[in-house]
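The values are calculated or read from the model by the stated rules, or taken from the named source; none is laboratory data. Since this is a predicted model, take the numbers as computed values, not measurements. Don't worry about glycine lacking a Cβ; one is built from the backbone with ideal geometry, like all the others, and counts go over all protein chains shown. The area values use the complete protein model at the heavy-atom level, side chains included, leaving out ligands, DNA and RNA. Shrake-Rupley method; radii C 1.70, N 1.55, O 1.52, S 1.80 Å.
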Amino acid sequence: MPRVSAAALKPLAALTKSIVSIPTGSFNERHVHAALAAFATERGLAYREDAHGNGLIEYRRGRATRPLVLGAHTDHPGFVVTEVRGKRLMLEF
């Protein structure tokens, strides 16, 4: 397997950091999906969400071949802090 230079990985690392830094939780993934949609739109790629709430970005160029599918969760089993009142946190699960 060919080695990839650290310099070549920097854009991927920056993209990954920008996406995983977005607050998210189960059934509260709209901000991550908005970032993915913006990423796709900026590059002329098609973005859609299926009936199950999965975000899909499609890249089509050249002749038809077998698809490459990369998958990842856009949520985590956690919560989002919606408000801070002194020492109290209001949370959305």
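Kindly provide the set of residues from the range 1-27 that are open to solvent by less than 70 Å² (accessible area, probe 1.4 Å) and among the hydrophobic types (A, V, I, L, M, F, W, C), ordered by number.
Ala8, Ala13, Ala14, Leu15, Ile19, Ile22
I'd like the full set of residues that are of a type in the set (A, V, I, L, M, F, W, C) and within 24 Å of Leu91 (Cα to Cα), limited to the range 1-48. Outline the logic, then answer.
Initially, the range 1-48 is screened for residues of a type in the set (A, V, I, L, M, F, W, C), giving 1, 4, 6-9, 12-15, 19-20, 22, 27, 32, 34-40, 45-46.
Answer for the range 1-48, where residues must be of a type in the set (A, V, I, L, M, F, W, C) and within 24 Å of Leu91 (Cα to Cα): Ile19, Val20, Ile22, Phe27, Val32, Ala34, Ala35.
Would you check which residues across the range 28-66 are among the small types (Gly, Ala, Ser) and open to solvent by 50 Å² or more (accessible area, probe 1.4 Å) and list them?
First, the residues of the range 28-66 that are among the small types (Gly, Ala, Ser): 34-35, 37-38, 40, 44, 46, 51, 53, 55, 62, 64.
Within the range 28-66, Ala34, Gly44, Ala46, Ala51, Gly62, Ala64 meet the criteria.
So which residues in the range 49-77 are among the hydroxyl-bearing types (Ser, Thr, Tyr), farther than 17 Å from Glu92 by Cβ and in contact with a Leu (Cβ under 9 Å, 6 or more places away or on another chain), if there are any at all? Give the derivation first.
Of the residues in the range 49-77, the ones among the hydroxyl-bearing types (Ser, Thr, Tyr) are 59, 65, 74.
Among the residues that remain, those that are also farther than 17 Å from Glu92 by Cβ are: 59, 65.
The answer is Tyr59, and nothing else.
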